[in-house]
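Take a look at the structure below.
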């Protein structure tokens, strides 16, 4: 059984690499403008850390799909 008091940790250099990757993606720049990271937030929900759009712009379904695609690539690239 997993304790609800467990902590999730990610090194800050990994977060920095992910943010850099997101900032450099031209597709995300078209959606969010530059720098992309000004439009994103990190959400901590119990044992879950997520990067989400900050709600400054209503994303279309296609924009949401593109954001998640690039975000997943970034996370896989820097956490494996």
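The values are calculated or read from the model by the stated rules, or taken from the named source; none is laboratory data. Treat the numbers as computed from the prediction; the structure is a model and nothing was measured. Cβ atoms come from the backbone with ideal geometry, glycine included; neighbour counts cover every protein chain shown.
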## Note on the structure
Of (1) at pLDDT 95 or above; (2) surrounded by 11 or more Cβ atoms within 10 Å (Cβ to Cβ), residue 57 fails just (1)
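If I ask for residues that are part of a helix (DSSP H, G or I) and in contact with a helix residue (DSSP H, G or I) (Cβ under 6 Å, 6 or more places away or on another chain), which ones from the stretch 42-77 would you list?
So in the stretch 42-77, the residues part of a helix (DSSP H, G or I) come out as 61-77.
Matches in the stretch 42-77: 63, 66, 70, 74.
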#### Entry: residue 49, sole failed condition from (1) closer than 15 Å to residue 76 by Cα; (2) surrounded by 12 or more Cβ atoms within 10 Å (Cβ to Cβ); (3) at pLDDT 95 or above
(3)
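With respect to residue 10, is the statement that it is assigned to a helix (DSSP H, G or I), surrounded by 13 or more Cβ atoms within 10 Å (Cβ to Cβ) and touching a residue at least 60 places away in the same chain (Cβ under 8 Å) true?
Values: assigned to a helix (DSSP H, G or I): no; surrounded by 13 or more Cβ atoms within 10 Å (Cβ to Cβ): yes; touching a residue at least 60 places away in the same chain (Cβ under 8 Å): yes.
No: the conditions fail for residue 10.
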### Query
When residues of the stretch 14-41 are filtered for being surrounded by 12 or more Cβ atoms within 10 Å (Cβ to Cβ), without any contact (Cβ under 8 Å) to a residue 40 or more places away in the chain and either part of a strand (DSSP E or B) or within 12 Å of the chain's Cα centre (by Cα) (or both), how many remain?
9
